[in-house]
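The values are calculated or read from the model by the stated rules, or taken from the named source; none is laboratory data. A quick note: this is a predicted structure, and the numbers were derived from the prediction, not measured. Cβ placement follows ideal geometry from the backbone for every residue including glycine, while neighbour counts extend to all protein chains displayed.
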Amino acid sequence: MKILLTNDDGIEAEGLAHLVDFAKTIGEVTVFAPKVQQSATSHAIQIHSPYAIERSDRFGGIEAYSVDSTPADCVRVAILGMKRQFDLVISGINNGPNLGGDIHYSGTVAACYEAAICGVKGLAVSAAFHSFGNAVKNIGRVYEEIRARRMFDFADILNVNFPEAGEEILTTRMGPAIYSDDFDLADGMVTPRLVCLYKGTRDLSLDTDAVMTGHISVTPLRYDLTDATAFTVLGRKIG
């Protein structure tokens, strides 16, 4: 199996090194990762100016490239630009959770959306802030669960989140956003300050509640944003 690895924390990030160590056990690994931190860039791509790509020896014998753009562009360069073929794209391991409505801002998850657009399955992996131990310990077990249940037969994108501690795996759906910004507006400057919105509810079908209560969350996602219910009602010839 040919695996493309990327992230949004940058090629020097600790989580990516952990992901390389795991991915080498399941397939042939290639890395295309952002040159610098790209968190919260979502699905942005660069179309107005050129950007650099450089070979990296950070991972020893693993073929790796530093891309001076976004996670989505890392996937685009590898698949569309360099015409590489992959069976799976894995993005992460992110330093911090990607849960609920906050998924929309995530460069980690957006890389997997781009993979899906390119016809490749995507696995996004995130851990608790500054705490990779539980993810490293259990990522192999989670991957085997995904394979055993043939989860990629039903979804193009799987979003996995590891709590700081806890090993039970739950299939979940997106919960509400758990972070927002408190904006300080002064002297013509905008300073956002991240605040936690999590209310401490306990619906374990939600990724937010599952992870916050010590469970490993696996959420199937889709890149088709069509509102199926609205289309059923409105999707008929007009006029």
| field | Matching residues, segment 24-38, being at pLDDT 95 or above, surrounded by fewer than 23 Cβ atoms within 10 Å (Cβ to Cβ) and either small (G, A, S) or under 13 Å from N95 (Cβ atoms) (or both) | value | G27
| Selection count where residues are among the hydroxyl-bearing types (S, T, Y), assigned to a strand (DSSP E or B) and either at pLDDT below 95 or surrounded by fewer than 24 Cβ atoms within 10 Å (Cβ to Cβ) (or both), scope segment 107-162 | 1
| task | Report yes if some residue within segment 78-88 is within 30 Å of D209 (Cβ to Cβ) and either out of contact with any helix residue (DSSP H, G or I) (no Cβ under 8 Å at 6 or more places or on another chain) or touching a residue at least 24 places away in the same chain (Cβ under 8 Å) (or both); otherwise report no. | result | yes
| field | Subset of segment 54-69 [in contact with a Lys or Arg (Cβ under 9 Å, 6 or more places away or on another chain) and either under 23 Å from Y113 (Cβ atoms) or exposed (fewer than 15 other Cβ atoms within 10 Å of the Cβ) (or both)] | value | E54, E63, A64, Y65, S66, V67, D68, S69
| task | Sort through G15, G10 and tell me the only one that's in a helix (DSSP H, G or I) and more than 22 Å from Y223 (Cα to Cα). | result | G15
| said: Regarding segment 185-194, can at least one residue be identified that is at pLDDT below 95, of a type outside the set (F, W, Y), buried (at least 18 other Cβ atoms within 10 Å of the Cβ) and within 21 Å of the chain's Cα centre (by Cα)? | reply: no
| task | With the checklist (1) closer than 20 Å to D156 by Cβ; (2) in contact with a His (Cβ under 9 Å, 6 or more places away or on another chain) in hand, flag the one item R84 doesn't pass. | result | (2)
| How do the pairs read when you match residues in segment 102-116 that are hydrophobic (A, V, I, L, M, F, W, C) with residues anywhere that are part of a helix (DSSP H, G or I) and surrounded by fewer than 24 Cβ atoms within 10 Å (Cβ to Cβ), using Cβ under 8 Å and keeping only pairs 6 or more apart or on different chains? | A115/I79
| query | What tally of residues in segment 22-45 results from selecting those that are more than 29 Å from R193 (Cβ to Cβ) and in contact (Cβ under 8 Å) with a residue 40 or more places away in the chain? | reply | 7
| task | Give T226, T201, T219, T208 a once-over and let me know the one that is β-branched (V, I, T), out of contact with any Cys (no Cβ under 8 Å at 6 or more places or on another chain), surrounded by 10 or more Cβ atoms within 10 Å (Cβ to Cβ) and in a loop (DSSP other than H, G, I, E, B). | result | T201
